[in-house]
Every structure is written in C-alpha cells, then in structure tokens.
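Participant: Sending over a structure as structure tokens; questions will come in a sec.
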Amino acid sequence: MKESTFYLLVYTWIAIAILIFPVVLRFVAPYGRHTSKQWGFMIDNRVGWIIMELPALLVFSGFYLFGTGDHPTMTWIFFSLWILHYLNRTFVFPFRLRTKGKKMPLAIVFMAIGFNFMNGFINGYFLGTLADEARYPLSYLADPRFIGGILVFFLGMYINWESDNILIHLRRLGETGYVIPRKGFFRFVSCPNHFGEILEWFGFAILTWSMPALAFAIWTVVNLLPRALHHHQWYQDIFPDYPVDRKALFPFIF
Ligand code: NDP
C-alpha cells in the first residue's frame, strides 16, 4: 500500500470517529449493566470479551511481525507495550470477571471486532512497514516525547488496572449485583478504569508520535467518554447516596 493511501485511510478513520461521536453520546452501549436483549442473539460475557479483544492482539501482531519494514529496536518497545495491554485485556481480564451467567449481544462483539481490527491494522502496519530507523533511532529513547509519553502510558495503565481490580473485587465469587465503588481513583470519578485507558492510549500516541496511535486514542475517547457518562448517570439514578462531588470521567472537570 502506498504511504499516501495509508494516511488517507488513517485520516478517514479519525474523521469517522469525530462524525459518529454525537451519535455514540446518545447510544447506550448494551453490555454490562446496560445489557439489553433487544440487540438480538446473546453470548456468554467472558467468551464475548475474549473474541472481541483477540483481533487487537492478532491483527496488530501479524501486521507488525510480517511487515516489510526494518523493525528498529524502538518499534519493538512500542510493540511490547501494546502486547502487554492486550495480553491482559484478552487473556487475563475476562477470566477475572465476576459476571457468572451474564451475557452480551453478539452485535457488540462484532462492533468491537471491527474497531479492534482497524486499530490493530493501522498501528501494526505503521510500526511493521512504515516506521524506519530514521524516524525512530535508538536515541529516541532520550526524546522528551518518548519519556513523557511512556510516563503517561504507565500512569494510565496503573489507573486502569487498579480500577479494574477494585471493580472485580466489589463482588464475591458468584455475585452479580452492583455497589458503589469507594476506593482508589473512584473517590474522584465514576469510571477511573475508562479514564486510565484513555490516558494510556494518549500516552502511546505521544510516545510513538504517530497518526495511527492518535487515531486509536481518539477512538478510545469516542467509545469510553459516552460509556462513562452513562455509567455516571446510572449510578446517580440507582444510588440515592451516590457521592455528589464525584465526576464522571475526568477528575475535578466532568
Ligand atoms: P465496567 O466498569 O462497565 O465493568 C467492569 C467490570 O466490573 C464488569 O465485570 C462489571 O460487571 C463490574 N462492575 C462495574 N461496576 C461495578 C459495580 N459498581 N459493582 C460491582 N461490579 C461492577 O467496564 P467496561 O466493561 O466498560 O470496560 C472494561 C475494561 O475494558 C475497562 O478497563 C475499559 O477501559 C476497557 N475498555 C476499553 C475500550 C477501548 O475503547 N479501548 C472499550 C471498552 C472497554 P458487569 O459486567 O456485570 O456490569
């Protein structure tokens, strides 16, 4: 593929994210607490998570490893960060969930597969075929973009993993109900897991300083900002004693 064609695809992908954002804001994604049978055939929640996240791992790895570029050392570091996140999301997180008997619509799984396929492709192709030594020499390790970006990435990963962990342990094995989370970053926002995930991928965009990674970060906001607003509203509707000063997604902001 010509580099110009590739970038046209990436810019189009960003444009789609921006265009559909107002629609997604009103659309309550029907999984987890918002799950709905109106969305057709349902599959086991845990199986759904594995199937929908797998393309992010396989497509990204395939396009990186079999890309025709020269795979400079820096890109192996970027590759490892992505793989670290998605090994957890695909093979660890689903097995830790306490959602026994819960289901999600197959339609959600298909939407997520499309999203993960596209983001995996643009980032894997970019790093495996287009990224060269001139762009990422080993000295890029000392570049402020790399240092700043990796700090943001790991801060986001810490917040995301810690918050996922707190949520998972709100239930005893076999329980499926909901309580108000009160530990960690939940003191500030209703959805620190989503906030951490957004930080992570903006960190990745900064550390790679690349358009495909920025596209993925933008798509992460388009997915997770509405979900956090819907979760926040749901908490306020369900729990009369929900902390009034807690924001939805961004601490002290909204
Ligand atoms: P949720 O916060 O909706 O749920 C996470 C888990 O915690 C679920 O098992 C849920 O159960 C349980 N849970 C949540 N709140 C409570 C509560 N108050 N009491 C008891 N249990 C609770 O997270 P998501 O499903 O939206 O996302 C999971 C992870 O995936 C997050 O880390 C998120 O950042 C990431 N993600 C990333 C996306 C991206 O675009 N990069 C897109 C979507 C998710 P139940 O399922 O029964 O509600």
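Participant: Of all residues in region 171-181 being open to solvent by 60 Å² or more (accessible area, probe 1.4 Å) and near the ligand (Cβ under 10 Å from one of its atoms), which is farthest from LYS100 (Cα to Cα)?
Facilitator: Looking at residues that are open to solvent by 60 Å² or more (accessible area, probe 1.4 Å) and near the ligand (Cβ under 10 Å from one of its atoms), I get VAL179.
Participant: For region 11-38, which residues satisfy the criterion of being more than 18 Å from the chain's Cα centre (by Cα) and under 20 Å from GLY124 (Cβ atoms)?
Facilitator: TYR11, THR12
Participant: Oh, and also: If I filter region 184-200 for residues that are touching a His at 6+ places or on another chain (Cβ under 8 Å), among the hydroxyl-bearing types (Ser, Thr, Tyr) and either open to solvent by less than 30 Å² (accessible area, probe 1.4 Å) or within 13 Å of the ligand (Cβ to nearest atom) (or both), do I get at least one hit?
Facilitator: yes
Participant: Listed residues PHE126, PHE185, PHE146; which is touching a Leu at 6+ places or on another chain (Cβ under 7 Å) and in contact (Cβ under 8 Å) with a residue 60 or more places away in the chain? So that I can check it myself, show each step before the final result.
Facilitator: On the way: PHE126 fails: touching a Leu at 6+ places or on another chain (Cβ under 7 Å); PHE185 fails: touching a Leu at 6+ places or on another chain (Cβ under 7 Å).
On inspection, the qualifying residue turns out to be PHE146.
Participant: Okay, moving on. From the list PHE153, PHE216, exactly one residue is over 25 Å from THR35 (Cβ atoms), more than 9 Å from the ligand (Cβ to nearest atom), open to solvent by less than 30 Å² (accessible area, probe 1.4 Å) and assigned to a helix (DSSP H, G or I). Which is it?
Facilitator: Answer to the selection: PHE153.
Participant: Turning to a different aspect of this structure: Is one or more of the residues making up region 74-97 within 16 Å of the ligand (Cβ to nearest atom), in a loop (DSSP other than H, G, I, E, B) and touching a residue at least 40 places away in the same chain (Cβ under 8 Å)?
Facilitator: Yes, the conditions are met somewhere in region 74-97.
Participant: List, please: which pairs have Cβ atoms under 8 Å, are six or more places apart or on different chains, and start with a residue in region 5-32 that is part of a loop (DSSP other than H, G, I, E, B) and end with one that is open to solvent by 60 Å² or more (accessible area, probe 1.4 Å)?
Facilitator: Matching pairs, first to second residue: ALA29/ASN223; PRO30/GLN38; PRO30/TRP39.
Participant: Could you tell me whether region 39-47 includes any residue that is part of a helix (DSSP H, G or I) and under 15 Å from the mean Cα position of the chain (by Cα)?
Facilitator: Quick first cut of region 39-47, residues part of a helix (DSSP H, G or I) only: 39, 45-47.
Checking the rest, the ones that are also under 15 Å from the mean Cα position of the chain (by Cα) come to none.
No, region 39-47 has no match at all.
Participant: Let me ask something else. Can we say ASN45 is within 20 Å of MET157 (Cβ to Cβ), open to solvent by less than 50 Å² (accessible area, probe 1.4 Å) and polar (S, T, N, Q)?
Facilitator: Taking the combined requirement at face value, the residue does not satisfy it.
Participant: Would you be able to say whether some residue in region 130-147 is at negative phi and within 16 Å of the ligand (Cβ to nearest atom)?
Facilitator: no
The values are calculated or read from the model by the stated rules, or taken from the named source; none is laboratory data. Small disclaimer: the values here were computed from a predicted structure and weren't measured. As a convention, Cβ positions derive from the backbone with ideal geometry for all residues, glycine included, and neighbour counts pool all protein chains shown. Please note that ligands, DNA and RNA were not included when accessible areas were found on the heavy atoms of the full protein model with its side chains. Shrake-Rupley method; radii C 1.70, N 1.55, O 1.52, S 1.80 Å.
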